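In what follows, a structure is listed as structure tokens, so that the remarks can point back to it.
The values are calculated or read from the model by the stated rules, or taken from the named source; none is laboratory data. A quick note: this is a predicted structure, and the numbers were derived from the prediction, not measured. Cβ: placed from backbone, ideal geometry, glycine included. Neighbour counts: every protein chain shown.
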Amino acid sequence: MPERILLFIMLLEKLELEGSQMRILVADQRSKIRSALRLLLEQEPNQRVVGEAINLDSLMTMVSENHPDLVLLEWELTKRQSTEILLVLRKLIPGIKVVALSGNPEVSSLALEAGADAFVCKCDSPERLLAAVSAIS
């Protein structure tokens with residue numbers, strides 16, 4: 001009987017921890033970048049990557065299925081305007097946060113004007129990305 005109680009307590013603690021974690025979806029065309037972002041983000045105890053999207057179709061499917069709190073969106077993910085993608089994401093999940101990522105720092109003002117909550121250049125330090133995610137969570 002005590003073993004069952006201990007298992008129950010452990011399960012409750014796990015559920016409590018998962019409930020307080022920010023659920024993040026990473027959307028980038030390159031698998032190495034997605035993997036690196038996942039490793040970086042999951043080092044933080046309050047963050048959990050719930051999926052990785054490689055294109056617009058997988059992004060929309062994963063957002064619908066996983067209901068993330070935040071999307072790290074490669075600004076050049078598709079040929080469609082990323083501003084349109086932001087609108088669709090916010091219709092699917094009102095209040096969703098979006099951090100725009102790009103290898104081109106010159107698109108930062110465009111991304112922020114389009115409604116991204118933050119912009120991080122892929123050439124920025126890992127600490128800059130973590131700070132951006134933390135600031136909008």
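Within region 92-110, the set of residues being assigned to a helix (DSSP H, G or I) and in contact with a helix residue (DSSP H, G or I) (Cβ under 7 Å, 6 or more places away or on another chain) comprises just one member, LEU92. One residue stands out in region 115-137 among those that are outside any helix (DSSP H, G or I) and either surrounded by fewer than 19 Cβ atoms within 10 Å (Cβ to Cβ) or at positive phi (or both): the one that is modelled with the lowest pLDDT, namely SER137.
Only one of the listed residues (LEU112, LEU92, LEU72) is of a type outside the set (Asp, Glu), surrounded by 13 or more Cβ atoms within 10 Å (Cβ to Cβ) and modelled with pLDDT under 95. That residue is LEU112. Every condition in (1) surrounded by 19 or more Cβ atoms within 10 Å (Cβ to Cβ); (2) at pLDDT below 90 holds for VAL99 except the one numbered (2).
For beta carbons closer than 9 Å, sequence separation of 6+ or different chains, a first residue in region 77-96 that is under 15 Å from MET62 (Cα atoms) and a second that is basic (Lys, Arg), the qualifying pairs are ILE96/ARG90. Do we have any residue at all in region 81-91 that's assigned to a helix (DSSP H, G or I), within 15 Å of VAL26 (Cβ to Cβ) and among the β-branched types (Val, Ile, Thr)? The answer is yes, given that some residue of region 81-91 is assigned to a helix (DSSP H, G or I), within 15 Å of VAL26 (Cβ to Cβ) and among the β-branched types (Val, Ile, Thr).
Exactly one residue among ILE24, ILE9 is among the hydrophobic types (A, V, I, L, M, F, W, C) and modelled with pLDDT of 95 or more, and that residue is ILE24.
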